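The values are calculated or read from the model by the stated rules, or taken from the named source; none is laboratory data. Since the structure is predicted, the reported quantities are computational estimates derived from the model, not experimental observations. Neighbour counts run over all protein chains shown; Cβ positions are idealised from the backbone, glycine included.
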Amino acid sequence: MLVRRLIARLLDWLLVLVVAWPLVHEPVLVVLSAAVYDALLLRWNTLGKALTGLRVVGPASGLSLRRVLARTLITTALPGTGVVLVLAGLGWREPALMAGLGWQQPWVVVGEHVGTGSVGWLASLLLVGGVVLLVLTAVEALDLRGTRTWHDRKAGTAVIRTPQR
């Protein structure tokens with residue numbers, strides 16, 4: 001079940017990357033797109049879950065907006081933020097974002113020049129923060145008890161196999 005869940009998640013992320021990246025060219029917006037995709041389709045089924053024969057179910061009362069948002073934040077926004085922080089820590093910058101924010105050079109932050117010494121520790125801090133979020137996400141996803149991981153228990157959901165037709 002865990003392998004199916006991971007494959008479903010990877011398929012969903014790949015779909016969002018293929019569709020969103022050519023449109024926005026910005027990791028933060030791709031993560032936001034993935035979160036919106038996950039939240040909107042959670043009540044029905046995402047493409048990745050449909051292809052792997054899985055489905056998210058909630059209590060008999062259905063999936064409330066609170067449950068959907070809690071699950072989406074834990075499963076999509078946290079690892080996405082981790083990836084964005086790792087990319088920023090490694091020095092990857094998207095010129096479109098810089099230009100959109102009015103930044104002319106990558107070393108100009110909020111209108112003030114930052115010395116190279118402070119950029120080094122900031123990059124390291126971003127990189128470590130991103131890796132920590134990714135490790136926490138992996139640990140959380142591996143905490144599988146039956147059909148429920150930690151984010152399922154927190155959101156009151158479970159992932160089940162769909163019946164074969």
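Points to keep in mind about this one:
- Taken over segment 46-64, the residue count meeting the criterion of being buried (at least 19 other Cβ atoms within 10 Å of the Cβ) and either assigned to a helix (DSSP H, G or I) or not aliphatic (A, V, I, L, M) (or both) is 4.
- Check on Val16, farther than 23 Å from Arg161 by Cβ and either acidic (Asp, Glu) or at pLDDT below 85 (or both): no
- Of Arg43, Arg67, all but one fail to be of a type in the set (Lys, Arg), assigned to a helix (DSSP H, G or I) and either within 21 Å of Leu6 (Cβ to Cβ) or over 13 Å from the mean Cα position of the chain (by Cα) (or both); the exception is Arg67.
- Residues in segment 1-40 that are of a type in the set (Lys, Arg) and under 16 Å from Thr72 (Cβ atoms): Arg5, Arg9.
- Residues that are out of contact with any Phe, Trp or Tyr (no Cβ under 9 Å at 6 or more places or on another chain), β-branched (Val, Ile, Thr), over 16 Å from Thr149 (Cβ atoms) and touching a residue at least 12 places away in the same chain (Cβ under 8 Å) occur in segment 26-45; there is at least one.
- Listed by position, the helices (runs of 4 or more DSSP H) contained in segment 77-165 that have at least 2 residues being of a type in the set (A, V, I, L, M) and either modelled with pLDDT under 70 or surrounded by 14 or more Cβ atoms within 10 Å (Cβ to Cβ) (or both) are 78-89, 95-100, 116-142.
- Given (1) at pLDDT below 85; (2) more than 14 Å from the chain's Cα centre (by Cα); (3) among the basic types (Lys, Arg), number of the condition Lys49 does not satisfy: (1)
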